[in-house]
Amino acid sequence: MTDMDIEDPGAQFSQSERGAVNGSLHREIEALIPRLRRYARALTRDVGTADELVQDCLGHALGKIHLWEEGTDLRAWLFTILHNRHVSLVRRAARERATIELQKCRPRPTLAPDQVTRLELRDLQRAFAKLPEEQRSAILLVGLEGMRYDEAASVVNVPVGTVRSRVARGRESLRVLTGLFPRRHSQPPGTVASLD
C-alpha cells in the first residue's frame, strides 16, 4: 500500500473545514504520513491495522485542526494523536477478547534475510513484544523516529526523566532477553574483572 492508497484526509469534511487546512499545512501533513505509518506499524505489528490507525489519526487530527497552534511542532502533535488513538484502541481491544484472538491469527509480513539475521530479528521482535507498552513506545519514538527525549515526552505526556528511564530499562531488557547486544561496560571475553 502506498501513501496514495490512504484516502484524502480532507475528503470527509465540509467545505469550511477543508478551507481551514490550507495547502501548506496539507502538504506538511502529507509529508509526515510515511513517518506516522512507520510508527503505527511498529506499534501495531500489522500493516493493515497500522494503516487504519494512521487513517484514524489523520481524520481525528483534521477534525481538530483548529486546536493546533501555528508555530508549534506539527510532527509532535500528530504523533501524540496517533499514540493516544493507539492507546484507546488497545484498551478497547482488551475489553473485546474476540478481536485479540483474530489479530493473533493474522499472518505477519516477513523479510527473507539470511538465516542468522532472520533468527536474530525474530528473537529481537519477540523480546520487543515482551516489553511493557510504555517502554516499547519510548524506544520507538526515540530510537526509530529519532525524536529527542523532550519531544517523546510531550507525545506520551510524561516527564522527560520518565522517558529516559523507560528507554534505558527497555534497552537493558532487550539486551538481557536477546543476548544480541553487549553491555556498554562489559568485559571482553576471557578477561576476569579485578576486585580492587
Among the residues listed as Ala168, Ala127, Ala138, Ala153, the single one being touching a residue at least 40 places away in the same chain (Cβ under 8 Å) and at negative phi: Ala127
Thr162 vs. criteria modelled with pLDDT under 85, hydroxyl-bearing (Ser, Thr, Tyr) and assigned to a helix (DSSP H, G or I): no
Go over the candidates Leu62, Leu36 one by one and state the one that is over 18 Å from Ala138 (Cα atoms) and touching a residue at least 24 places away in the same chain (Cβ under 8 Å). Leu62
Check whether at least one residue in segment 67-83 is exposed (fewer than 15 other Cβ atoms within 10 Å of the Cβ) and part of a helix (DSSP H, G or I), and report yes or no. yes
Qualifying positions in segment 145-159 - in contact with a Lys or Arg (Cβ under 7 Å, 6 or more places away or on another chain) and in a helix (DSSP H, G or I): Tyr149
Name the single residue that is farthest from Gln125 (Cα to Cα) among those in segment 8-60 being modelled with pLDDT of 50 or more and part of a loop (DSSP other than H, G, I, E, B). Ser14
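The values are calculated or read from the model by the stated rules, or taken from the named source; none is laboratory data. Just so we're clear, the structure is a prediction, and the values are computed from it rather than from any experiment. All Cβ positions, glycine included, derive from the backbone under ideal geometry; neighbour counts span all protein chains shown.
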